[in-house]
Amino acid sequence: MSEKETRRVSEGKQVKMVVAIVHDHDASDLMDALTSSNFQATKMASTGGFLREGNTTFMIGTDEEHLEELLEIIEKTSKCREKTVAPMSPVANSIESYYSLPMEVQIGGATVFILDVEQFIKL
Ligand code: 2BA
């Protein structure tokens, strides 16, 4: 495979940094889909502030022309789920996240931030 096929970011082009937070269960499928479509990605273990559970954050640099394709891959592999969250004690947790009854929250799908990259260099 040529260098041109494997690299989705090239110097001199408008580069976007996509930060995608996904459910841990979707992380492996997403990484497989990204690499098979030749996107380069960095995967990081992260923790959601609300559920205090592990999730996975991907950093994916791409040329603007491949952004739509990338978003489609993320959307296809990130499934939405409902989760019942047990009540939390205000002692164990901060007062802002206190709730006294079980509640349904929607998790999954992907939370995506798209940033303009000022400069992309490899040293
Ligand atoms: P968590 O903070 O653990 O939130 C998990 C899910 O809980 C959220 O899913 C949302 O459906 C629900 N949730 C969050 N805060 C809530 C609240 N105050 N009341 C009721 N329900 C609430 P998503 O919105 O899909 O977010 C998934 C994960 O993405 C979050 O995990 C967090 O790690 C990250 N995230 C979401 N928005 C963010 C933001 N603005 N900045 C940074 N990270 C964000």
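The values are calculated or read from the model by the stated rules, or taken from the named source; none is laboratory data. Source: prediction; values computed, not measured. Please note: Cβ atoms are built from the backbone with ideal geometry, for glycine as well, and neighbour counts cover all protein chains shown. For accessibility, only protein heavy atoms count, side chains too; no ligands or nucleic acids. Shrake-Rupley method; radii C 1.70, N 1.55, O 1.52, S 1.80 Å.
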Here the gain from full extension of Ile121 to Leu67, 0.36 nm per residue of separation minus their alpha-carbon distance, amounts to 17.5 nm
Thr35 accessible area, 1.4 Å probe, all protein chains in place, Å² to nearest 10: 80
At a Cα cut-off below 22 Å, give the lysines reachable from Lys122, other chains included and same-chain residues fewer than 8 away excluded. Lys4, Lys13, Lys16, Lys43
Say each of Gln14 and Thr42 gets a label point 7 Å from the Cα, pointing the same way as Cα to Cβ; how far apart are those two points in nm? 2.4
Distance between the C-alpha centers of region 67-84 and region 21-43? Whole Å please. 11
